[in-house]
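*Asks:* Before I ask anything, here is the structure I am working with.
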């Protein structure tokens, strides 16, 4: 079997002013700090250097001048990045190791305004068609809006999910040709609290409770609409996973980028979580025919093989076993459940061997585990 290219997509939905620009700038900037590159062992590079410089400038504006980025209005083109090792042996036969990440941002203004022209309708539909490549989608709940609706959170949350539902209904006919549901579609919809520094007492479980208490009906209605888009809607998680995110602490005219929360979990969330979730769905036969092979073999095979290698198992079975029967079900789980020192040792060995996928896997697993242990991320209990 030929070497498969790994590429993950993540879609972000949030109303205007919900913090998407700050979030992406913070993520990009943090990963490009020299200390972070040295610690992580990899670069996070923008495919378009000009757009990368724009994100870096916004990050430095926060860091050096305590200046929050201006809101990017109606920016719908995806941001493409690649992860590649800080250093690797240079040989004639060696090919550069890299993994692609695409960040899709659905403009918040489109949630709050009616379609004004046929051109805008086409733009909205085209943007949505691009982001359906994602496996994970974040739906942002704005902590600032929650505080503005203190003791009336129900009103804000119902409005948020209801507006999102109506937006989807408005473009549904443009997305589904002849009502044919999509096999490729984001199947994991994570509820994410943005600007979490404004609500320091809020953790992922409390966010889950808040949403269910005040907007369970609207969330269920949103799930029904999303289910109408997807082929195999039993393999769909909407509002089952929760994360709290803060790009920095914004206080009294200062911005402290060291006081962040959840940002480090975003790339692991978009990479490791889908692999685990698709494993569960594949075992339960909830996925459309062929989709499991595409997702878990083409996207996850390299990572799964790395997991086996680090556990000392990959050489004990034929390579083609990985692509048989239940695909790669269960290959990442042993590493996720391993003791932290075991993961740390595996990461150290990966660095010494210049094994990029192993390095990235251990780094992502560590960050995902830390976010779960610190109540920053709560995964769906149905699919653990």
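The values are calculated or read from the model by the stated rules, or taken from the named source; none is laboratory data. All values reported here derive from a predicted model rather than from experimental measurement. Heads up, the Cβs are rebuilt from the backbone with ideal geometry, glycines too, and the neighbour counts pull from every protein chain shown.
This table checks each residue for (1) free of Cβ contacts under 8 Å to residues at least 24 places away in the same chain; (2) surrounded by 18 or more Cβ atoms within 10 Å (Cβ to Cβ); (3) in contact with a helix residue (DSSP H, G or I) (Cβ under 6 Å, 6 or more places away or on another chain).
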site: 150; (1), (2), (3): yes, no, no
site: 153; (1), (2), (3): no, yes, yes
site: 162; (1), (2), (3): no, no, yes
site: 184; (1), (2), (3): no, no, no
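*Asks:* Quick one: residue 288 ticks every box in (1) farther than 22 Å from residue 44 by Cβ; (2) at pLDDT below 85; (3) under 21 Å from the mean Cα position of the chain (by Cα) bar one, so which box is it?
*Replies:* Only one criterion in (1) farther than 22 Å from residue 44 by Cβ; (2) at pLDDT below 85; (3) under 21 Å from the mean Cα position of the chain (by Cα) is unmet by residue 288, namely (3).
*Asks:* Please tell me if residue 266 is more than 15 Å from residue 161 (Cβ to Cβ) and part of a helix (DSSP H, G or I).
*Replies:* Values: more than 15 Å from residue 161 (Cβ to Cβ): yes; part of a helix (DSSP H, G or I): yes.
Answer is yes for this residue.
*Asks:* Looking only at the stretch 1-25, filter to residues that are in a helix (DSSP H, G or I) and in contact with a strand residue (DSSP E or B) (Cβ under 9 Å, 6 or more places away or on another chain); which one of those is farthest from residue 144 (Cα to Cα)? Spell out the reasoning first.
*Replies:* Residues of the stretch 1-25 that are in a helix (DSSP H, G or I), as a first pass: 20-25.
Still in the list and also in contact with a strand residue (DSSP E or B) (Cβ under 9 Å, 6 or more places away or on another chain): 20-24.
Values: 20: 13, 21: 15, 22: 14, 23: 15, 24: 18 Å.
Only one residue tops the list, namely 24.
Every residue, every condition in (1) on the phi < 0 side of the Ramachandran plot; (2) in a helix (DSSP H, G or I); (3) at pLDDT 90 or above, yes or no:
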site	(1), (2), (3)
45	yes, no, yes
58	yes, yes, yes
61	yes, yes, yes
68	yes, no, yes
75	yes, no, no
89	yes, no, no
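*Asks:* Another question, then. For residue 256, only one of the following conditions fails: (1) farther than 14 Å from residue 29 by Cα; (2) surrounded by fewer than 21 Cβ atoms within 10 Å (Cβ to Cβ). What is its number?
*Replies:* (1)
*Asks:* Considering only residues that are without any contact (Cβ under 8 Å) to a residue 60 or more places away in the chain and closer than 17 Å to residue 44 by Cα, which ones fall in the stretch 362-384?
*Replies:* 362 - this is the single residue of the stretch 362-384 that is without any contact (Cβ under 8 Å) to a residue 60 or more places away in the chain and closer than 17 Å to residue 44 by Cα.
*Asks:* If I ask for residues that are within 27 Å of residue 193 (Cα to Cα) and assigned to a loop (DSSP other than H, G, I, E, B), which ones from the stretch 333-384 would you list?
*Replies:* Within the stretch 333-384, 337, 374, 375, 376, 379, 380, 384 qualify.
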